[in-house]
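Novice: Below is a structure I'd like to ask you about.
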Amino acid sequence: MKFPTWINATVSAIVAAALPACDYVNTKEIKPGVTTQAEVRNRMGEPGFVHWNDDGTATWEYARQPNGMKCYMITFNSDQIVSKLEQVLNEANYAKVREGMSKDDVRRLLGAPATQQRFDNLHEEIWEWRIEGVPQMPSEESYFMVHFDTGHGGVKKTRSEGTRLNSSHAP
């Protein structure tokens, strides 16, 4: 049975609105030193990506882009117990992005971006994260962007900005 477009759009909007609320409840229940990998999978689902640490342990990435504004990194110790839970889209981590960093290093620091755009004429690829910020108007969103040089692949620069939403998206 095919549903009308407005029903699909409404259901999608409800799910997108509920996801952050679920994260809020679920992350409060994840306790370092106590919660197991299986319990995290039960609460949060499959990770979007698994980062392998130098010591052989894993960090699971739960990026909530493009609709959300958070990315949770959950690190497990060798016994598969949570050792650290952090929301990595924050000012301290934006400040750690340095010129020359690789895409892998940026992904490990901030999680998957909301968008990736390549500008061949500028020799740049820009990754963009929708972030919590202080927009000047209710019809704005905040973004953090990392510009990569397409020649050597490393970071060229970063920037943050508020972007005015299209009038069709404004409240």
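The values are calculated or read from the model by the stated rules, or taken from the named source; none is laboratory data. Remember, it's a predicted structure, so these values are computed and weren't measured experimentally. Please note: Cβ atoms are built from the backbone with ideal geometry, for glycine as well, and neighbour counts cover all protein chains shown.
Novice: Only residues that are closer than 22 Å to W129 by Cα and assigned to a strand (DSSP E or B): list them for region 30-64, please.
Specialist: F49, V50, H51, T59, W60, E61, Y62, A63
Novice: With respect to the numbered conditions (1) among the β-branched types (V, I, T); (2) surrounded by fewer than 18 Cβ atoms within 10 Å (Cβ to Cβ); (3) touching a Phe, Trp or Tyr at 6+ places or on another chain (Cβ under 9 Å), which one is the sole condition not fulfilled by I74?
Specialist: (2)
Novice: Scan the strands (runs of 3 or more DSSP E) fully inside region 68-128 and keep the ones with 1 or more residues being under 18 Å from W52 (Cβ atoms).
Specialist: Filter on region 68-128 gives 71-76, 82-87.
Novice: Scan region 11-41 for residues that are surrounded by 11 or more Cβ atoms within 10 Å (Cβ to Cβ) and modelled with pLDDT of 95 or more and report the count. Quick ask: steps written out before the conclusion?
Specialist: Applying the first criterion (surrounded by 11 or more Cβ atoms within 10 Å (Cβ to Cβ)) to region 11-41 yields 11-13, 15-16, 19-20, 22-23, 26-27, 29-32, 35-37, 39-41.
Subsequent filtering for residues that are modelled with pLDDT of 95 or more retains 30-32, 35-37, 39-41.
Adding up the residues that qualify gives 9.
Novice: Shifting gears a bit: How many of the residues making up region 51-66 are exposed (fewer than 11 other Cβ atoms within 10 Å of the Cβ) and either among the basic types (K, R) or under 21 Å from the mean Cα position of the chain (by Cα) (or both)? Steps first, please.
Specialist: Residues of region 51-66 that are exposed (fewer than 11 other Cβ atoms within 10 Å of the Cβ), as a first pass: 52, 54-56.
Cutting the leftovers down to either among the basic types (K, R) or under 21 Å from the mean Cα position of the chain (by Cα) (or both) gives us 52.
Residues in region 51-66 being exposed (fewer than 11 other Cβ atoms within 10 Å of the Cβ) and either among the basic types (K, R) or under 21 Å from the mean Cα position of the chain (by Cα) (or both): 1 in total.
Novice: Between D79, D55, D23, D104, which is under 30 Å from G151 (Cβ atoms) and of a type in the set (D, E)?
Specialist: After applying the criteria, what remains is D104.
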